[in-house]
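Each remark here refers to the structure printed beneath this line.
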Amino acid sequence: MAIQISPSILSADFTHLAEEAEAVARSADWLHVDVMDNHFVPNLTLGLPVVEALRASASLPLDCHLMIEDPDRWAPAYAEAGAGSVTIHAEAAKAPVRTLRTIRSAGARAGLALNPATALDSYSDLLPELDMLLLMTVEPGFGGQKFLDIVLPKIRRARELVRNSDADIWLQVDGGVSAETIERAAEAGADVFVAGSAVYGAQDPGYAVDALRAQAEKAAG
């Protein structure tokens, strides 16, 4: 699995989202869209109308991360709106298998996210239903947080589970990914990296993506 970088527009200038998306179009693999409802997490960000607008204007596929209550109800609409990947949280989903299958049937990749304190092995039986497993490396809700090294053993365990399964699953990390932390996450086994302020806080976001990718590729061997 090749290293992939998914810049998070949570750290972008919301008044110029189309331009911010274009700034990483040459170098990134995905555009990460954090959807928050101020209920599941204590922050309110983008919703379906903005995702639909981005889908019409951005050249990168959209990687939608739903940090919301009742993802079973709302996730299919993001897939139907054209998102290339839709990730729901295990802590919020009441019918994860049905929802993941509905996402896939709508044409998107299906992802499951786990918060730092959520046990991985409790969800290992769901691996065949996944295209991507997202391990949060911060507590979800706000950008700019410090990477939690306590998640590194979980990343290693997730890589082991994926390797031993018959499923082709991407292993994504989200939170505090930067030039100082990406190598540790890559060494542990992650292959898809969400980076917000490390990309959009840089003078040249496209160059920042290239630099992060080079670091991760080197660390992954």
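The values are calculated or read from the model by the stated rules, or taken from the named source; none is laboratory data. Just so it is clear, the structure is predicted and the values come from calculations on it, not from any experiment. Every residue, glycine as well, gets a Cβ built from its backbone with ideal geometry; the counts of neighbours run over all protein chains shown.
Scanning the stretch 180-221 for residues that are in contact with a helix residue (DSSP H, G or I) (Cβ under 7 Å, 6 or more places away or on another chain) and of a type in the set (F, W, Y) yields F193, Y200.
Residue-level check: of (1) assigned to a loop (DSSP other than H, G, I, E, B); (2) among the acidic types (D, E); (3) in contact with a Pro (Cβ under 8 Å, 6 or more places away or on another chain), E20 misses just (1).
Check whether at least one residue in the stretch 52-62 is of a type in the set (S, T, N, Q) and either part of a strand (DSSP E or B) or surrounded by 13 or more Cβ atoms within 10 Å (Cβ to Cβ) (or both), and report yes or no. Let's see the steps before the verdict.
From the stretch 52-62, those of a type in the set (S, T, N, Q) are 57, 59; that's our starting set.
With either part of a strand (DSSP E or B) or surrounded by 13 or more Cβ atoms within 10 Å (Cβ to Cβ) (or both) added as a condition, the list becomes none.
Among the residues of the stretch 52-62, not one is of a type in the set (S, T, N, Q) and either part of a strand (DSSP E or B) or surrounded by 13 or more Cβ atoms within 10 Å (Cβ to Cβ) (or both), which makes the answer no.
Scanning the stretch 117-132 for residues that are exposed (fewer than 15 other Cβ atoms within 10 Å of the Cβ), more than 14 Å from N164 (Cβ to Cβ) and of a type outside the set (A, V, I, L, M, F, W, C) gives a single hit, S122.
Going by what's in this entry, would V162 be described as closer than 26 Å to G84 by Cα, buried (at least 22 other Cβ atoms within 10 Å of the Cβ), modelled with pLDDT of 95 or more and not basic (K, R)? In short, no. Please verify whether I103 is more than 22 Å from R156 (Cβ to Cβ) and over 14 Å from the mean Cα position of the chain (by Cα), treating the condition exactly as stated. Spelling it out, I103 is indeed more than 22 Å from R156 (Cβ to Cβ) and over 14 Å from the mean Cα position of the chain (by Cα).
From the list D34, D29, which residue is among the acidic types (D, E), buried (at least 17 other Cβ atoms within 10 Å of the Cβ), part of a loop (DSSP other than H, G, I, E, B) and touching a residue at least 24 places away in the same chain (Cβ under 8 Å)?
Details: D34 fails: part of a loop (DSSP other than H, G, I, E, B).
Of D34, D29, the one residue that is among the acidic types (D, E), buried (at least 17 other Cβ atoms within 10 Å of the Cβ), part of a loop (DSSP other than H, G, I, E, B) and touching a residue at least 24 places away in the same chain (Cβ under 8 Å) is D29.
Pull up the stretch 1-15, narrow it to residues that are assigned to a helix (DSSP H, G or I) and at pLDDT 90 or above, then point me to the one that is surrounded by the fewest Cβ atoms within 10 Å (Cβ to Cβ). Among residues in the stretch 1-15 that are assigned to a helix (DSSP H, G or I) and at pLDDT 90 or above, the one surrounded by the fewest Cβ atoms within 10 Å (Cβ to Cβ) is S11. Kindly check whether there is at least one residue in the stretch 93-113 that is in a loop (DSSP other than H, G, I, E, B), over 25 Å from A18 (Cα atoms) and in contact with a strand residue (DSSP E or B) (Cβ under 7 Å, 6 or more places away or on another chain). No, every residue in the stretch 93-113 fails to be in a loop (DSSP other than H, G, I, E, B), over 25 Å from A18 (Cα atoms) and in contact with a strand residue (DSSP E or B) (Cβ under 7 Å, 6 or more places away or on another chain).
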